[in-house]
Each structure stands twice: as C-alpha cells, then as structure tokens.
Amino acid sequence: MILRLDYSLIINDNNMDFINAFYNSKLDRNNFFSRIDSLLSSETLFVYAIPFACEYDFLQLVNNVKSKSLKLIKSADGIHLFSLKHIVKKKNESIEGKFFLYELQDQVNCKFAITMENNQFFHRVLKPFIDSLKPHVITTFITHSKLKELLINFQSVNKFTDLRILRASQKIRFIEPNNTQKIVSEISWPSMSLEEAFNWVAEKNGWFKSLQFEALYGNRVFADVYLTRQGILKTNQGFTNITEAFLKPITKLLYENIQQFKNRGRKERQDLTVRPIMIDFGKEQFDSIEENQKFIFAIKQFCNSSVSVLHGNPYVHISIMDYIDGSSFDVMISNSDRLMIIPQLKASAFSIKRLVNHIFDFYAEGKIRDYIRNT
Amino acid sequence: MKTKDIFLNDIDTYKDSILAILGFINFYLFDDISKTLRNDVFAFQGRRFDLIQKSKDETEVQKVSHPTPDFAILLPNNLGVIGEVKLRFPRNQDFWENDFNQVFKYDNDLIGWPIEDQKVFSHEVVLILHESQEVLIRRYYEANKVDKFQFIHPFIIINFHRTNQRNSYAFFQIKSGNLSDNKLNDRLEIGIEVPLAELLKSYSEIKLYDAVPPLPYLLQLIWQDVVAQRVFSDERLRALRRNQKIKVELKVDEIIDELHNSYSFKEIHKNYSERQSKIPKREWVIEACEKLIEVNEAEWLDEAKTKVKIYFQKHEDILGHFIEICANIISSASQIELFNSNSKI
C-alpha cells in the first residue's frame, strides 16, 4: 500500500500539465465530472472528495478566516477553484495545491471539496483546512448499515460482478472485565467479498471506519475506491459513477441531518421551549444497570466537552457541554429502547451531529427521530 | 455516606421535587380528552399569598405572614388547590412539627389568588411525600391531627416515587384524604403513572423553583449557562486550552435574569407574575459567587457585590468539579472545627 501511494505521488508530479490544463479550462457544471473521468482514464491519477455542509456561504466563511494561504482563482457555475498552501515551519517547506469547491444545487449549503493533487496535499493541507473550519463546516458520517446499503447499490447499479475489500480499518467494541465497553482500532487486509467482510466485522461487534475496495467486472478492475465513515472518497476511475453512488447520497443524508438538527437551541425560540431528539435503538437496549453504565462510560469519552452525570440508575441523566462552540445538552434515558437528547440554550447542528456521531461510534447505532410522547 | 454522595442525593431530591410539582399541576392543567392545556385552570409555583387573621372583635384584619406554597392551582368556580412537596423529612421526628406547621398555614384563608377579590370560595391542601417516608409521616399526622393539625380544609396526602420498569414513570397515589375533583381523586386512588420522559422534558426547561438549590447544582447552571455562554459568544476564546483561564465580568443581575428566563417556572405564570419572586433569589446567587471566591475562581468587583469577575476554565465534569469544591470546603471546615474544639480542651 505504501508503495502504491508513493508511486501515485511520482506519477502525479509527472502529469502536472494535464491537471493544469484542466485547472485552466472553463468551469462548467455540465461536463465537470465527465472531464475528471477523462483525466482519470488517460492518466494514473487519484481524485479525492470531501462532502460537507457549511452553515453559511463558504466564500464568506473563508473571507472571514482571512487566510493568506487560501486564494480563490476563479468561480463559475457554482464551481470555485482555490489554491491552498501550508507552510511547515519546522521543516522550512511548503505544500501547495489546488482544489475545487462544487456547490450542490438541490441541497443548499452542501458542497464537495475535490482535488486531484497528491496524497500529501490532501492529508496535510486540504483535509486539515476543512477541519479547521468546524463548527461552521459540518462533515458527515455514514452508519454501518447505510455504508453497506450504498455499497450494494453501487454494485447493482453498475453491474459489477464483485466488490473486493482490499483494506479495512475498523473499530471493534469489546467488554472489559469491569464491564466497561472499550473501542479499539484495527487495520486488516481481509481480501473478502462485500457480504463476507460485513459479516466478519459484525461478528467482531465492530464497524468499518474506512474501506478500500476494487470494483470488479469479472477479473477486470474497474476502479480502486477508498471510502471513509466521514464520506471522504478517493478513486482512480469512474468519478461520475462514484459521485452518483456515494457522494450524492451521503450529502443528501448530511443535508437531512442538518435540517433535522438545526434550530434546536432553546434560544432560537422566543418561548425557550425544548426541541428534543431521540435515538431509537429498536430493541430493549437499556435493559440493565450494567447497560446504563456502559453508556455512561462511552459518553464520558466525548472529547473536548464537559460530561456530568446527574443520575446513573435507574434512569440516566447526563449534562453535556461541548467546548467547541458552547452547545449544551441534557441526555436522558428513561425508556429501555431509546435515549433522548434535549438541546439546551445553545445547540448548533454541528454539535448535535458531533454528539450523535460519538454515540454511534462509541456506544451503538440507532435511528434518529423527533421526540414523540410515549404513553 | 460521603459528602459527595450527600450532594448528589440533595440534587436528586431537588430535581424530583420539580418533577413532582410539574406532574401534579399537570393533572389539572392538561385536559386528557382534548390532549391540550386547559385555559380555565391556572397554576403557580412559589406564589406569595397573604395570611389574614381577624382580630378579636372580628372587624379588623391583619396580614400575619406570606405563605409561598410549592404549588397553587386556581380552578373554575372559585376553587383552589394549595400544596407542598416534601420528598425528604428530617430523620429526627422532633423536627417534623415545623414541616407540618408550614403546611398547616395553608389551612387558613389566603389572599392573593389572581381573581377579583383575591380569595377563593374554598381550597384544599395537598402534601406530596416520597414513598420511602410516606407511612411514617402519615402515622405521625394521624397521631397529631386532633391536637396539633386539625385541618378545616380538606387535607390530602399523596405518595410520589419513580418506578423502574422497562419504561420509567413517576407514580402518584393518594394515601389519605379526598380531592374534590372526583374524577381525579378516583384516578389518584388507583395511582397515576406519568411517563418520566415527559417530565424530564419539562424539567429541561424548569430546573429551579423557590427552594434553595444544592450549591453545586446552582454553580453548574451559572457556569454552563451564563459564564460559558459569555465565553463562547467570542469565537477567539473557543480555542481556550484546558489549563487556561479567561476572565468573565458579570453583573449579579445578569446571572439572575439569565437563569430566571431560562430555568424558572416563569412561563407557567407569565400573565400573573405580580406575586412571584424572581428565581433564583439574589442571596442564592451571591452565595454561589462567594463559594467561587473562596476557591479563587472569582472575585467581587465592588463592595456592594453587584459585579463579579469569574475565572472561566474548561472542566471535564462541571458538576463534578463543583461537588468536589463544596465537599472539600465542608470537610476542611469540619476539620478546623474539630481542631478548634480540641484546642479548647
């Protein structure tokens, strides 16, 4: 794998002219993805994409950031080309590259950041830059079941004979002797079919954090694809198909989440009423004191926050303050199949999403819905 | 029991008292048939009434005190329900007389209802107790009801506790007396289960009532919902590291207003607030600030104690931090006391 990435770096450098020609061409929504496809089919390149949402206009946001390292080169048709530079002071070196910002028309405020620059630019410059814009920028996550559904659809729509998992990074939940639940990371090279890989991780009580797989037509590899739980995508072929199969559904999910999570803070209403949401586990999840303790242990791992347990048994009441933007929540469990998140005075969509992601990652996945009275 | 556990129990009792008040007043406010709030019933928490006593010649009236019941409910036809939630009586029964005297005050004609002559035709008195003490307290009442607590108005004892089933409920049941609302009385005789989730949802809007809250609990609300909100309104301060401190200057009035608007029963009696105290009370907030000052996390900016400078810091467990502080202060104070008493010997 390391050899492959290094190789891609060298090839990228040798093909800078092809990419520059693309950068210099007119931006046009009608042929944007197909032109990337052409580039990928004629050269040994990879394209990276990050789907995200922005609470307000991205150009206004980056203007506010006033970063000297970010420059807007051109804009047209809802596509913007930026150059971005990162200076590594200790090594006295700079890493520079370009990326596109593609605005989705159906889902307001949702975008893809797309680059064909090398691995180093993506991981050390572009991704940290997008991350630095949080909480104004919201990235997503894909539940384990949704990930499987997307992969199956991708295979069936494109009539691939198989999706062969080459590399998987997974999180495994296991119960420690003191009955607390621990999460460990594992990387493996299972070389399995889709079904086998998902059964395998389910047996280990875990979930995939990222997957690298080959889309196969018989013995012929159509594309080498890398997909993370955050919806970050990398491929060497068929970007249009992959956008349709993954990026667009993932962004739709992100858009729906934001619609569901926005305006939840009490101060957003004159009467200061609460607008709780529930995570429904669809089964008797909290059926014992031990299970409550497992949940409390998991929620205490929520980074950059204050977690105070006001009540742990028999019902659970936890008060959370997110130190990223000052959002706060009461988390209550008084029913065995669900938990209730009650956003307090301030609660941003970003923070609710961060909390829900954490619960899904560190405890268990469930369905998110509006609070309804249980009789 | 450890001091920390005592604080946690106190917080639990305080929260449960709010749940009991909310649950009980909703029996009257919520119309079970239309599933909406009734517009002919009004509820109050901590409303200040006047207790009137007639002088010997029965002409002159005197205001002798201002009972502030935990709940007062004004029903159609000039009827009222007044009551107290006492989920924890002292272990020593010698002190119970004081508690009963407080409830017994409500057996008088009270002035201050939001109607024309401020008086209701009749009212009943309700005492809500926790299941764990209900039998003992009821026995105490039965033993003293003739000599000490002979109620003229109907007096009803209601048991409250949380049930721990698949879905948790708050359970209310009449243990003594009868409510004049026959339908409700019948239901409460069997016992009414209120989904705890519903009460907890309401509790998230009402975290303070007119009883002194446990200090760590109040400090958490001040820290999380007033001080931190001030810090996070400035984006530059969001990157604060764990061990860094930021000075936040606040007026005591700002703290009171913020908590009053966000967490008091204000919304319930918004149209009739003339006899309502502002919760949290100034003295509670000042005491909380004094506690922060004691541990060098704040300082007064003026002698009148109207402005305070608080050193905000990110704590991993805000409530835990304040319980720790309050527990340590209590434990060191008791050590000093012990030392002083030893030195006297």
Check: Do we have B:K309 as touching an Asp or Glu at 6+ places or on another chain (Cβ under 8 Å) and more than 30 Å from B:I25 (Cβ to Cβ) here?
Finding: yes
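One line per residue, one yes/no per condition, for (1) among the polar types (S, T, N, Q); (2) surrounded by 13 or more Cβ atoms within 10 Å (Cβ to Cβ):
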{"position": "A:N236", "(1), (2)": "yes, yes"}
{"position": "A:F239", "(1), (2)": "no, yes"}
{"position": "A:F246", "(1), (2)": "no, yes"}
{"position": "A:I250", "(1), (2)": "no, yes"}
{"position": "A:Y255", "(1), (2)": "no, yes"}
{"position": "A:R264", "(1), (2)": "no, yes"}
{"position": "A:D271", "(1), (2)": "no, no"}
{"position": "A:D280", "(1), (2)": "no, yes"}
{"position": "A:Q285", "(1), (2)": "yes, yes"}
Next item on the list: Determine, yes or no, whether B:K207 is closer than 25 Å to B:Y14 by Cβ, in contact with a helix residue (DSSP H, G or I) (Cβ under 8 Å, 6 or more places away or on another chain), within 10 Å of another protein chain (Cβ to nearest Cβ) and among the basic types (K, R).
Entry: yes
Margin query: Quick check on B:V252: is it in the same structural domain as B:D302 (by TED's automatic domain parsing), in contact with a strand residue (DSSP E or B) (Cβ under 9 Å, 6 or more places away or on another chain) and free of Cβ contacts under 8 Å to residues at least 40 places away in the same chain?
Written below: no
Next item on the list: Return the only residue of B:D181, B:D147 being away from chain A (no Cβ under 14 Å) and surrounded by fewer than 16 Cβ atoms within 10 Å (Cβ to Cβ).
Entry: B:D147
Item checked: Selection from the stretch B:267-282 of residues that are of a type outside the set (K, R) and not in a loop (DSSP other than H, G, I, E, B) -> B:E267, B:Q276
Margin query: Can you find, within the stretch B:106-140, the residue that is nearest to the other protein chains (Cβ to nearest Cβ) among those that are of a type in the set (F, W, Y) and surrounded by 20 or more Cβ atoms within 10 Å (Cβ to Cβ)?
Written below: B:W113
Next item on the list: Return yes when A:S308 is of a type outside the set (V, I, T), modelled with pLDDT of 95 or more, out of contact with any helix residue (DSSP H, G or I) (no Cβ under 6 Å at 6 or more places or on another chain) and farther than 20 Å from A:P135 by Cα and no when it is not.
Entry: no
Checklist line | Members of the stretch B:61-95 found to be out of contact with any Lys or Arg (no Cβ under 9 Å at 6 or more places or on another chain), modelled with pLDDT under 95 and within 12 Å of B:G112 (Cα to Cα), listed by number | finding: B:K63
Next item on the list: Filter the stretch A:35-57 for residues that are free of Cβ contacts under 8 Å to residues at least 60 places away in the same chain and either in contact with a strand residue (DSSP E or B) (Cβ under 9 Å, 6 or more places away or on another chain) or over 21 Å from A:K111 (Cβ atoms) (or both) and give the result.
Entry: A:S38, A:S42, A:E43
Next item on the list: With the condition kept exactly as written, say whether any residue in the stretch A:157-179 is at pLDDT below 90, buried (at least 18 other Cβ atoms within 10 Å of the Cβ) and either part of a helix (DSSP H, G or I) or among the small types (G, A, S) (or both).
Entry: yes
Check: Restricting attention to the stretch B:218-234, does a residue exist that is in a strand (DSSP E or B) and more than 20 Å from the chain's Cα centre (by Cα)?
Finding: no
Next item on the list: Mind counting the residues in the stretch A:348-375 that are within 11 Å of chain B (Cβ to nearest Cβ) and in a loop (DSSP other than H, G, I, E, B)?
Entry: 6
Notebook entry, point to check: When you scan the stretch A:42-125 for strands (runs of 3 or more DSSP E) that lie fully inside it, which ones turn up with 2 or more residues that are farther than 14 Å from A:L247 by Cβ?
Noted result: A:70-76, A:79-88, A:93-103
Next item on the list: Report yes if some residue within the stretch B:179-193 is of a type in the set (D, E) and either in contact with a helix residue (DSSP H, G or I) (Cβ under 7 Å, 6 or more places away or on another chain) or in a strand (DSSP E or B) (or both); otherwise report no.
Entry: yes
Checklist line | Filtered residues of the stretch A:1-32 (kept if within 22 Å of A:K74 (Cβ to Cβ), of a type in the set (D, E) and either assigned to a helix (DSSP H, G or I) or modelled with pLDDT under 85 (or both)) | finding: A:D17
Check: Of all residues in the stretch B:233-276, which are more than 10 Å from every other protein chain (Cβ to nearest Cβ), surrounded by 15 or more Cβ atoms within 10 Å (Cβ to Cβ) and in contact with a Ser or Thr (Cβ under 8 Å, 6 or more places away or on another chain)?
Finding: B:V252
Checklist line | Where a residue in the stretch A:88-99 is at negative phi and in the same structural domain as A:N118 (by TED's automatic domain parsing) and its partner, wherever it lies, is of a type in the set (A, V, I, L, M) and surrounded by 10 or more Cβ atoms within 10 Å (Cβ to Cβ), with Cβ under 6 Å and at least six apart | finding: A:S94/A:I87; A:I95/A:V125; A:F99/A:A113; A:F99/A:L126
Check: Residues of the stretch A:256-291 being under 22 Å from the mean Cα position of the chain (by Cα), within 11 Å of chain B (Cβ to nearest Cβ) and part of a loop (DSSP other than H, G, I, E, B), which ones?
Finding: none
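The values are calculated or read from the model by the stated rules, or taken from the named source; none is laboratory data. The structure displayed is predicted, hence computed values, not measured ones. Quick reminder, even Gly has a Cβ in these numbers, built from the backbone with ideal geometry, and neighbours come from all protein chains shown.
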